[in-house]
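This report concerns only the one structure given below.
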Amino acid sequence: MQPQALRLSEITIANLRSIQRQTFPLSSFTALIGYNNAGKTNILMGIRWLLSHFSLDISYFDNPNEPVEVEGIFDGISEQVLARLGEDKATAILPYLVTTGPTAGRLRIKKLQRIPGENPETVETFVFVPPNKRNGKNNKEWIRADDDFLAAFNRMFPESIAIWDFEGNQAFTKLLHEIFKPLERRFGGEINMLLNKFSDILSPDSENRADELSAFDRDVNEKLRPLFPSVKVELDIPVPTLETFLKKASIKVIDEDDGFERDISRMGAGSKRAIQMALIRYLADIKKHHNNHYLSRTMLLIDSPELYLHPQAVELVRVALKNLSNEGYQVVFATHSAQMVTSEDVSTSLLIRKNKERGTFMRKRMEDAVHQVVQDAPSQLQMLFSLSNSNELLFADYVLLTEGKTELRVLPALFERITGQSFALIKCALVRQGGVSNTRKSMQVLDAMDMPVRAIVDLDYAFTTAPHDGFLDYNDPDLKYCLRLFRELAFHQHLRLVNGLPVSKHSNTTAAQAYAMMAAMPEAERPIKSIHAKLRSQGIWVWTKGAIEEHLGLTAKNEATWSKFIEQSKAQNFAKTVPDYASIEELCRWIIEGSFQN
């Protein structure tokens, strides 16, 4: 079996700008979704700082009197990884590695900066010692990481590649270095031979040092001696490596119309981002099927990869990043675009929010919420599919679940026509469920995610599912009264009933038609209004005439009917053409009321 890929599976950040203290679980491909100024970039910075060697200035401290602290949990450090690291580096890692149990292959690292702007050399890095590896000599939970450990750790988790505005042109050089690593492996030996010859010419200790350099040392010291007798100087010219050359590489941009040439650093933000994403796509192509994730995992951190790109280009970039996440890179990105998240990745995306009391925080991931709410695995899969098919809910602060295609198609236009607002304006996502049998579980999952939720259902839900879901009592007197009405209809209209409820099979009347017929009976008005009120108080709107089509006067469920109705809704006398306009108005008020729950 292929070993689990290395990855940073969880990061806890404290006192870093808007993040007071919060833990963020990470997958191989993690989208950070939130509104502007929610703190998404601060999460990226926390990850970058943990894997790099630099000091934070005071602007990164939420409270300058408290330290900034970032802790990471790293998983997937298997025997194969250790073997490829080599004996020396594996020996440096093993005292801190969990080697048995469900968390085998886990390592915990913590970085601490106590004073803003302190020397990077004094920023402390600690490593966690598992309980079974502590002894009399070393019985602490956390100890300072030594140089050998850090060298081994950095081999597995090298410095991240960060792409966001204030990183300047570092992203270009790091991407180029990643792209040309094969060049280093292929020609490294030959180039190092040439560089060693070059070193022989430059080094002060070499017998073959260039006469001009030796003369410089001799003559300058002769000039210095009368001025400062106790010291001498020696010219030190660092010898470059192939890596040095690659890190210094840049990109020239040539205008094909006039031939004008300029450095990438002089280009506008849109051009820079397009070229960065082109490099990402190229990197994804050359890394395809390399399966290099056994030994190392490079973090690719991007703020708004969709920035300045048209929709088709956004999709190309998303695919490239997804491919890289399968080829040795762990991708974490902040986004405002629903195009960057498909249903495959909704469950592990992070909803980032911020308020005055908590600072930046994360709503529970859908994946975790489903496991919390639903115990049996088949239902979990069904639930995940039902909800994750709509990635719009990740970009909302309020979810409106709906059962039918008609609601999904016409409600947005109706809502805007009646209220003058859009679902986007009230940050509401209209999500179609896989079936009303999921209503209760879907609402529980979204509630576990701290996401306000309401649902719209047909009248049959009140009889077939609401009692099972616990929203209505099985012996509810209003339900029982309506069951008597069904028996009357069955006698006069030849409806087919099973367990007292209409069914479509072997009947000339569909179940939907039967519910509409029962709802139209004058005796049904009072009990159905009562049922509606009971469910409404629990966040569920039930159509009192059976289904939305009855309220709107629609005779079919197809695109032609919906398009024609939406066009008619623009007319001035629209309200007079709808059979039950009052209920639609009341629904719109109820939807807006739900947005205030957040």
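The values are calculated or read from the model by the stated rules, or taken from the named source; none is laboratory data. Being a predicted model, the structure only gives us computed values, none of them experimental. Glycine also receives a Cβ, built like all others from the backbone with ideal geometry; neighbour counts cover every protein chain displayed. We work out accessible area using only protein heavy atoms, side chains counted, and drop any ligands, DNA or RNA first. Shrake-Rupley method; radii C 1.70, N 1.55, O 1.52, S 1.80 Å.
Remarks
- Among Ile43, Leu56, Phe29 the positive-end extreme of the charge dipole of the stretch 13-69 (Cβ point charges): Phe29
- Net length available on complete extension from Asn355 to Glu559 is 69.2 nm, with 0.36 nm assigned per residue and the Cα-Cα distance removed.
- Mean-position separation - Cα centroids, the stretch 204-238 and the stretch 66-85, in angstrom: 46
- Net length available on complete extension from Thr122 to Val220 is 31.7 nm, with 0.36 nm assigned per residue and the Cα-Cα distance removed.
- Shape category assigned to the chain from the gyration tensor of Cα positions, a/c cut at 1.5: prolate
- Straight-line cross-link partners of Lys232 among the lysines, defined as a Cα under 20 Å from its Cα and at least 8 positions apart when in the same chain: Lys223.
- Relative to the dominant Cα principal axis of the chain, helix 211-224 is inclined by about 80°.
- Mean Cβ neighbour count within 10 Å, used as a protection proxy, ranking 539-548, 228-237, 65-74 highest first: 539-548, 65-74, 228-237
- When both bridge partners sit in the chain, DSSP labels roughly 60% of those beta bridges antiparallel.
- Distance from the Cα centroid of the stretch 28-48 to that of the stretch 102-140 is 24 Å (rounded to whole angstrom).
- Cα gyration tensor, the stretch 425-581 - rounded (a/c under 1.5), prolate or oblate: oblate
- Protein accessible area in the chain, 1.4 Å probe - carbon and sulfur %: 50
- Using alpha-carbon coordinates, inclination of helix 40-50 to the longest axis of the chain, degrees: 30
- In this simple spin-label model, placing a label point 7 Å from the Cα along the Cα-to-Cβ direction at both Glu234 and Lys197 gives a separation of 2.6 nm.
- Dipole in debye (nearest 20) - the chain, about Cα centre, beta carbon charges: Lys, Arg +1; Asp, Glu -1: 1420
- Here the calculated FRET efficiency for Asn36 and Arg84, from their Cβ-Cβ distance with R0 = 60 Å, stands at 0.90, rounded to the nearest 0.05.
- Axis of helix 147-156 versus longest Cα principal axis of the chain: the two differ by about 50°, to the nearest ten degrees.
- Virtual spin-label span in nm between Arg262 and Phe596, 7 Å along Cα→Cβ: 5.3
- Pairs beyond 28 Å (Cα-Cα), from Lys441/Lys529; Lys405/Lys570; Lys287/Lys354; Lys111/Lys364: Lys287/Lys354
- Surface per residue (accessible, 1.4 Å probe) for the stretch 421-496, Å²: 46
- Cα gyration tensor shape for the stretch 52-201, rounded if a/c is under 1.5, else prolate or oblate: oblate
- FRET efficiency, 1/(1 + (r/R0)^6) with R0 25 Å, evaluated for Glu416 and Ala575 via beta carbons: 0.95
- Per the Cα gyration tensor, the stretch 338-489 maps to an equivalent ellipsoid with semi-axes of 30, 20, 15 Å, ordered largest to smallest.
- Table column - 3J(HN,Hα) (Hz), the stretch 331-336, Karplus curve with 6.51, -1.76, 1.60, x for Gly and Pro: 9, 10, 9, 9, 8, 10
- Probe 1.4 Å, all protein chains present, accessible-area order of Leu316, Leu430, Leu97, largest first: Leu316, Leu430, Leu97
- Extension gain, Thr244 to Arg496, is 82.6 nm, computed as 0.36 nm per intervening residue step minus the present C-alpha separation.
- The string of couplings for the stretch 435-444 from the Karplus curve (6.51, -1.76, 1.60, θ = phi - 60°) is x, 5, 4, 8, 4, 4, 5, 4, 5, 5 Hz, one whole number per residue in order, with x for Gly and Pro.
- Calculated from backbone phi, Karplus (6.51, -1.76, 1.60) coupling profile of the stretch 564-572 in Hz, x at Gly/Pro: 5, 5, 4, 5, 5, 5, 7, 6, 5
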